[in-house]
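What follows is one structure encoded as structure tokens, with my remarks underneath.
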Amino acid sequence: MQNNWHQLLQFDQQHIWHPYAKIPSTTPMIGVQKAKGSIITLADNKELIDGMSSWWACIHGYNHPTIQQAMHEQIEQMPHIMFGGLTHQPAIDLAKRLVKLTPLGLDKVFFSDSGSVAVEVAIKMALQYWISLKKPQKKQLMTVKNGYHGDTFATMAICDPDNGMHAIFSHALIQHHFAAAPQMGFNKTSDNGDINDFKALLSQHHQNIAAVVIEPIVQGAGGMRFYRPDYLKQVCQLCQSYNVLLIADEIATGFGRTGKLFACEWADITPDILCLGKALTGGNLTLAATLATAKISETISQGNPGLLMHGPTFMANPLACATAIASIDLLLASPWKENIRGIEKHLQQELLPLNKFSGVKDVRVLGAIGVIELDRADLGEKIQELAVQQGVWLRPFGSLIYTMPAYNIPQAQLQQLTDGMVNAVKIALSS
Ligand SMILES: *Cc1c(COP(=O)(O)O)cnc(C)c1O
């Protein structure tokens with residue numbers, strides 16, 4: 001490695017916070033020079049196969065030429081302009097696509113700059129809806145355990161209260177209602193009564209509840225759990241019968257990851273409000289969107305003050321919108337369903353045999369997501385290190401070793417990825 005890099009990494013270690021990290025970091029970060037497709041080139045020129053898509057986002061791999069071209073064109077035209085009082089074609093063209101592609105009825109779009117903020121905006125919409133209907137007492141939220149909805153204060157308050165990353169802040173958070181997490185896996189059809197806790201809690205507290213917030217089908221950072229579509233359908237029906245709004249957080253699942261364009265489609269539901277982020281720009285720039293039905297927008301508009309009270313500085317950033325348009329068009333022009341089905345089959349074939357391995361609690365695969373859950377939560381760092389030695393980039397989280405590769409990862413690289421993942425787990429468990 002060049003001398004220069006040595007100094008850069010030292011500065012990084014002493015001065016820069018990374019996600020959920022301390023200064024100085026216990027182990028130095030790994031320097032990256034560049035990334036292309038599913039290959040990450042490190043400072044020392046070593047190459048890693050990317051298993052993370054930069055946290056669900058880079059669905060086309062890195063530096064895709066079509067997206068880069070669109071970004072260059074928009075930079076020439078206008079990278080940014082304020083959205084207050086002004087509008088532009090990238091925002092309009094992107095909104096058109098989102099309205100068309102998302103479940104029927106979601107046709108009002110609010111753009112923001114990160115997933116957490118998209119959820120904050122959804123919560124505000126829900127509260128303003130009830131304020132407008134003169135029911136301000138409906139201000140609490142309900143969710144299920146094992147969820148993850150972001151790192152800001154309103155979203156921390158609906159993350160898993162026990163195992164989540166925010167337990168130390170619990171004294172400073174608004175208290176909401178948590179039902180037991182769905183227990184039956186994706187393929188289970190019997191309901192086993194696992195909706196009963198949700199039902200009981202909603203029937204008890206609905207008069208004070210503005211909205212239910214839930215990740216459809218896949219609970220991401222709160223446990224990488226998959227649950228059956230029928231549970232989601234029941235949640236939707238219960239929300240309707242108790243007059244509570246439904247907010248679907250598809251920030252992780254949106255744009256094909258589960259095998260459907262949006263995970264709500266598995267249960268054939270339209271939520272009142274939908275949050276998108278992560279893969280929206282194909283992981284190239286930060287952008288998020290909150291979509292709502294006309295019922296929400298009309299009620300807020302007819303209430304007092306009649307305005308949706310939110311407006312970030314970089315709202316609908318034209319460069320980010322143009323990037324999102326390019327990413328969506330690229331996705332829809334690709335055989336994404338077949339690609340994801342192919343990845344799913346491969347992950348099943350290569351990862352499911354680990355189920356028999358001692359120390360492995362569960363292996364599960366859905367769409368382009370593969371999860372190995374271990375009995376122990378202390379091997380993550382070791383497995384990351386072993387994976388890097390195997391030429392693979394993974395970022396385990398506690399007992400969860402998981403991958404969500406780019407949809408267009410070449411078959412040979414996918415094979416290297418799962419080989420590296422399986423080897424890293426086996427070595428870690430047997431040492
Ligand atoms: C990542 C994520 C968020 C938060 O998005 P940020 O862009 O990190 O703020 C919210 N909800 C879900 C389901 C996520 O996966």
Residue list for region 88-129, restricted to those being acidic (Asp, Glu) and either in contact with a Cys (Cβ under 9 Å, 6 or more places away or on another chain) or not assigned by TED's automatic domain parsing to the domain that holds residue 291 (or both): 93
Can you tell me which residues in region 242-255 are more than 11 Å from the ligand (Cβ to nearest atom) and within 16 Å of residue 229 (Cβ to Cβ)? 246
Screening 194, 160 for residues that are of a type outside the set (Val, Ile, Thr), under 17 Å from residue 119 (Cα atoms) and surrounded by fewer than 23 Cβ atoms within 10 Å (Cβ to Cβ) leaves only 160
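Consider region 149-169. How many of its residues are among the β-branched types (Val, Ile, Thr), in a helix (DSSP H, G or I) and within 12 Å of the ligand (Cβ to nearest atom)?
Residues of region 149-169 among the β-branched types (Val, Ile, Thr): 152, 155, 158, 168.
Right, trim to in a helix (DSSP H, G or I) and you get 155, 168.
Then keep just the ones that are within 12 Å of the ligand (Cβ to nearest atom); that gives 155.
Here the count works out to 1.
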May I ask you to list the residues in region 199-220 that are touching a strand residue (DSSP E or B) at 6+ places or on another chain (Cβ under 9 Å) and either surrounded by fewer than 22 Cβ atoms within 10 Å (Cβ to Cβ) or over 21 Å from residue 155 (Cα atoms) (or both)? 199, 200, 201, 202, 204, 205, 206, 208
Being outside any loop (DSSP other than H, G, I, E, B) and either in contact (Cβ under 8 Å) with a residue 60 or more places away in the chain or under 22 Å from residue 331 (Cα atoms) (or both) is the filter here; which residues of region 249-277 pass it? 249, 264, 265, 266, 273, 274, 275, 276
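Do any strands (runs of 3 or more DSSP E) lying entirely in region 11-129 carry at least 3 residues that are under 22 Å from residue 251 (Cβ atoms), and which ones are they? Explain how you work it out, then say what you get.
Numbers: elements: 32-36, 39-42, 47-50, 106-112.
The strands (runs of 3 or more DSSP E) meeting that bar are 106-112.
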Residue that is away from the ligand (no atom under 16 Å from the Cβ) and under 21 Å from residue 232 (Cβ atoms), where the choices are 104, 141, 133: 104
I'd like the full set of residues that are within 12 Å of residue 146 (Cα to Cα) and of a type outside the set (Gly, Ala, Ser), limited to region 167-179. 178
What is the residue count in region 256-282 for residues that are in contact with a strand residue (DSSP E or B) (Cβ under 6 Å, 6 or more places away or on another chain), within 15 Å of the ligand (Cβ to nearest atom) and charged (D, E, K, R)? 0
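Among the candidates 285, 238, single out the residue that is of a type in the set (A, V, I, L, M), within 16 Å of the ligand (Cβ to nearest atom) and more than 12 Å from the chain's Cα centre (by Cα).
On the way: 238 fails: within 16 Å of the ligand (Cβ to nearest atom).
Of the residues listed, the single one that is of a type in the set (A, V, I, L, M), within 16 Å of the ligand (Cβ to nearest atom) and more than 12 Å from the chain's Cα centre (by Cα) is 285.
The values are calculated or read from the model by the stated rules, or taken from the named source; none is laboratory data. Here the structure is a predicted model, which means the values were calculated and not measured. Quick reminder, even Gly has a Cβ in these numbers, built from the backbone with ideal geometry, and neighbours come from all protein chains shown.
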